[in-house]
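Trainee: Before anything else, here's the structure in question.
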Amino acid sequence: MHNNFPLAAVLFDLDGTLLNTAPDLITALNKSLLHFGFSSVNEGEITPFISYGALAMIEKSVPSDTDSNTKNKILDWLINYYENHIADFTQPYEGMLSILEALEKQAIPWGVITNKRERLAIPLMKALNLSERAACLVCGDTTAHSKPQPEPMLEACLQIGVPADKCIYIGDAQHDITAGNHVNMRTFSATYGFLKVDDSPENWGADVLIDHPLEILDWIKTYTHAFK
């Protein structure tokens, strides 16, 4: 990697990267499971599956012989509950607000590319007063295909008006890194996020592994004189 490349924008995955949404999502999951007669689950067991969507969380939580109709009913109930409790406990990760403020101070736009559907991502960003600050919000249903396909990445660049190869994309799942690499973004793997025990982020092809959000700012400083 070369220092001082012309950084045009910093883009984040949402769940497990920009925001710790686990408390609200697990609460919604457990309430939906109990509503349909299933046992609640431990947060630590299910959190690693958040990056793969609510259905993946449900499939990990119910017996393997549970029929798809039941799982879909649980999913609908979960989403309805979560929509009404979108940010009861969710907060940006430690240090993340400092990073956003630093970027804004230097007029470097930042945005979000998430597989979370617009129905949920838009009100979540609004609830945390991030909507007006973000230069873009590309969701799982904004484009025809979601990550790991390249369309969301290109849509974000189009909305901001920046070239993909001058952007950093930060995510906590392999599909995040794959999507960023598809369009030649600098990719950072957020190992502090919702990783599974058998995940190997060092093998995902990311340019950088980030163990704490504040490390993001350190790396940005190596790419630009803006913070010096």
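The values are calculated or read from the model by the stated rules, or taken from the named source; none is laboratory data. None of these values were measured; they are calculated from a predicted model. Cβ: placed from backbone, ideal geometry, glycine included. Neighbour counts: every protein chain shown.
Trainee: Condition test on Asp199, is it over 22 Å from Pro48 (Cβ atoms), in contact (Cβ under 8 Å) with a residue 12 or more places away in the chain and of a type outside the set (A, V, I, L, M, F, W, C)?
Mentor: no
Trainee: Here is a list: Ala134, Ala206, Ala226, Ala164. Which entry is of a type in the set (A, V, I, L, M) and at pLDDT below 95?
Mentor: Ala226
Trainee: Go over the candidates Gly140, Gly180, Gly161 one by one and state the one that is more than 27 Å from Ile86 (Cβ to Cβ) and in the same structural domain as Ile99 (by TED's automatic domain parsing).
Mentor: On inspection, the qualifying residue turns out to be Gly161.
Trainee: I'd like the full set of residues that are under 13 Å from Gly171 (Cα atoms) and among the charged types (D, E, K, R), limited to region 203-223.
Mentor: Asp207, Asp211
Trainee: Taking only region 172-191 into account, find how many residues are of a type outside the set (D, E, K, R) and touching a strand residue (DSSP E or B) at 6+ places or on another chain (Cβ under 7 Å).
Mentor: 9
Trainee: Going through region 127-143 one residue at a time, which ones are surrounded by fewer than 18 Cβ atoms within 10 Å (Cβ to Cβ) and touching a helix residue (DSSP H, G or I) at 6+ places or on another chain (Cβ under 6 Å)?
Mentor: Across region 127-143, the qualifying residues are Ser131, Asp141.
Trainee: Let me ask another. Could you check region 196-228 and list, in sequence order, the residues that are buried (at least 18 other Cβ atoms within 10 Å of the Cβ) and touching a strand residue (DSSP E or B) at 6+ places or on another chain (Cβ under 9 Å)?
Mentor: Pro201, Trp204, Ala206, Ile210, Pro213, Glu215, Ile216, Ile220, Tyr223, listed by residue number.
Trainee: Continuing with the same structure: Counting only residues that are surrounded by 22 or more Cβ atoms within 10 Å (Cβ to Cβ), give me the helices (runs of 4 or more DSSP H) lying completely in region 12-82 with at least 3 of them.
Mentor: Result: 22-35, 54-61.
Trainee: Another question, then. Within region 156-184, track down each residue that is more than 16 Å from Leu18 (Cβ to Cβ) and either surrounded by 22 or more Cβ atoms within 10 Å (Cβ to Cβ) or without any contact (Cβ under 8 Å) to a residue 40 or more places away in the chain (or both).
Mentor: Cys157, Leu158, Gly161, Ala164, Asp165, Gln174, Thr178, Asn181, His182, Val183, Asn184
Trainee: Tell me, yes or no, whether region 106-117 has at least one residue that is more than 29 Å from Ala144 (Cβ to Cβ), in contact (Cβ under 8 Å) with a residue 24 or more places away in the chain and not assigned by TED's automatic domain parsing to the domain that holds Glu155.
Mentor: No; the residues of region 106-117 include none that is more than 29 Å from Ala144 (Cβ to Cβ), in contact (Cβ under 8 Å) with a residue 24 or more places away in the chain and not assigned by TED's automatic domain parsing to the domain that holds Glu155.
Trainee: Search region 34-46 for residues that are assigned by TED's automatic domain parsing to the domain that holds Pro63 and in contact (Cβ under 8 Å) with a residue 24 or more places away in the chain and pair each with any residue that is surrounded by fewer than 10 Cβ atoms within 10 Å (Cβ to Cβ) and outside any helix (DSSP H, G or I) when their beta-carbon atoms are under 9 Å apart and the residues are at least 6 apart or on different chains.
Mentor: Phe38/Pro63
Trainee: Quick check, is Leu78 free of Cβ contacts under 8 Å to residues at least 60 places away in the same chain and more than 23 Å from Ala164 (Cβ to Cβ)?
Mentor: yes
Trainee: Let me ask something additional. So which of Ser146, Ser189 is in contact with a Pro (Cβ under 9 Å, 6 or more places away or on another chain), outside any helix (DSSP H, G or I), more than 30 Å from Asn84 (Cβ to Cβ) and of a type in the set (Gly, Ala, Ser)?
Mentor: The conditions single out Ser189.
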